[in-house]
Each structure stands twice: as C-alpha cells, then as structure tokens.
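The values are calculated or read from the model by the stated rules, or taken from the named source; none is laboratory data. Keep in mind the model is a prediction, meaning the values are calculated, not measured. Here the Cβ positions follow ideal geometry from the backbone for every residue, glycine too, while neighbour counts run over all protein chains shown.
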Amino acid sequence: MSTWTRLVSRWDLAIEELLRWDAETMQAISGHPLLKRLSLLFVIATYLGDGYLWGGLALGLIIFGSPIDRSYVLVGLGISIVNIAVFRLFKLLFNRPRPALVFFGLRSRLIDSYSFPSGHATISFGIAWVITVCYPNILIQLAAYLVAIIIAFSRVYVREHYPLDVICGALLGSFTAAYLLPVFERFLF
C-alpha cells in the first residue's frame, strides 16, 4: 500500500470518527434528561434565532437609540447579509443533510434541507461580535454571547443541526464579522 493510499485511508477514518462523534453528541444533547427541563427555553431560542430577536434589537436601536446606534445597526445588517450569503454558499457546497427530525410540523417543512453550517449560529455569533466591539460594556458583551450560545445550542437540542454545524457556524460568523467590521466602520464613521 502506498503512502498516499495510507494517508487517504487515515483521513477517511478520521472523518468517519468525527461524524460519528457528531451524531452521538447530538443524540446525547437532545435526549439529556436535565436539558429536557429547559426544553421550552431552547424551543423559544430557536424561533427567536430566526431573526426576531436581532430584528427587534435593531428596531429598538433605530427608534430609541442615538445616531451612532443607528450606524451600528447598519453595520450589523451589512455583516448579516454577507453572513447569509456565505453560509448559503457553504450549504450548497457541502450538501450535508440535516439530522432526521423528530418533529414534522410546519417548521420542519420551512427549513432548508442542508445542515452545514448553521445559519442561526453564523448570524448570532456575527451579531454578537458586532455588539461586543461596538458596545464595550462587559455586561452587554456577556449577554450578547450568552444569547448567541443559547441560540446555537438550541439548534442541536431541537435536532435541526449537528454540533459541528453550530461550531463551524459560530466560527464562520465571528470570522466574517471580525474581517468586515473594520471595512464597514471606515465607510460609516
């Protein structure tokens, strides 16, 4: 067996092991008895992560905020638009099917069929990054990331994503925001 063949074989085994871990971890999270007590929180978080929470925050800043707050909303909107385009492109490239849904209601018919990366995690962590940079108050920063983590975690809990989907979505959203925030700031400030 050639060196190349051994490397490819090892790589394939590593990927299989990672995907097995991913599926087992999702099962453990969605079926954990202690997390069942927080089921309502996770279901609400997954719905709020559809954009209602971030849109409501933006609307509040537009109505009640200062001119700088309105500029921050534009920055967050711009970064979110780019994040949506990027995660949609990645979903088409990777074509990873979603986990088999336990709940087959209206929601399961409205979501797209690809899992990787999580759009909720991508957007939530991108916005959390913007909030952290624009509002240097530790309580605001902690709240933004706590909300982003709960939204991302809820996606695994409700079995619409695997853990790697939300981890990579969080990294993607953070990276995109970190890269684009200075670009947007140059044009707005």
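Exactly one residue out of L18, L7 is exposed (fewer than 14 other Cβ atoms within 10 Å of the Cβ), closer than 22 Å to R96 by Cβ and not acidic (D, E): that is L18.
For the criterion of being in contact with a Pro (Cβ under 9 Å, 6 or more places away or on another chain), in contact (Cβ under 8 Å) with a residue 12 or more places away in the chain, in a helix (DSSP H, G or I) and of a type in the set (S, T, Y), T25 passes. S71 meets the stated requirement of being at pLDDT 90 or above and touching a helix residue (DSSP H, G or I) at 6+ places or on another chain (Cβ under 7 Å). Between residues in the range 144-155 that are within 14 Å of V43 (Cα to Cα) and modelled with pLDDT under 95 and residues that are of a type in the set (D, E, K, R) and assigned to a helix (DSSP H, G or I), which pairs lie under 9 Å by C-beta distance while being six or more apart or on different chains? Pairs found: R155/D165.
If you filter the range 114-132 down to residues that are outside any loop (DSSP other than H, G, I, E, B) and touching a Lys or Arg at 6+ places or on another chain (Cβ under 9 Å), you find that the one that is modelled with the highest pLDDT is A121. Of the residues in the range 62-74, not one is touching an Asp or Glu at 6+ places or on another chain (Cβ under 9 Å), surrounded by 14 or more Cβ atoms within 10 Å (Cβ to Cβ), farther than 15 Å from V156 by Cβ and aliphatic (A, V, I, L, M). Would you check which residues across the range 7-46 are among the basic types (K, R) and closer than 26 Å to F94 by Cβ and list them? Matches in the range 7-46: R10, R20. Looking at the structure I just gave you, is I62 touching a helix residue (DSSP H, G or I) at 6+ places or on another chain (Cβ under 8 Å) and without any contact (Cβ under 8 Å) to a residue 60 or more places away in the chain? Here the answer is yes, as I62 does meet what is asked.
Look at the range 38-52: where a residue is among the β-branched types (V, I, T) and a partner is assigned to a helix (DSSP H, G or I) and at pLDDT 90 or above, sitting 6+ places away or on another chain with Cβ atoms under 8 Å, you get V43/S154; T46/H120; T46/I151; T46/S154; T46/R155; T46/Y157.
Taken over the range 36-76, the residue count meeting the criterion of being farther than 14 Å from Y135 by Cα, basic (K, R) and part of a helix (DSSP H, G or I) is 1.
Quick grid of which residues meet (1) buried (at least 17 other Cβ atoms within 10 Å of the Cβ); (2) more than 30 Å from E16 (Cβ to Cβ); (3) of a type in the set (K, R); (4) out of contact with any helix residue (DSSP H, G or I) (no Cβ under 9 Å at 6 or more places or on another chain):
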| residue | (1), (2), (3), (4) |
| --- | --- |
| D112 | no, no, no, no |
| P117 | yes, no, no, no |
| T122 | yes, no, no, no |
| W129 | yes, yes, no, no |
| I140 | no, yes, no, no |
| I150 | yes, yes, no, no |
| Y157 | yes, no, no, no |
| H161 | yes, no, no, no |
| D165 | yes, no, no, no |
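Please go through the range 77-113 and pick out each residue that is at pLDDT 90 or above and either of a type in the set (K, R) or within 21 Å of S154 (Cβ to Cβ) (or both). Hits for the range 77-113 are S80, N83, I84, F87, R88, F90, K91. Pairing each residue of the range 80-107 that is loosely packed, with under 14 Cβ neighbours inside 10 Å with any residue that is at pLDDT 75 or above and of a type in the set (K, R), provided the two are 6+ apart or on different chains, yields C-beta distances under 9 Å for A100/R159; V102/R159; F103/R159.
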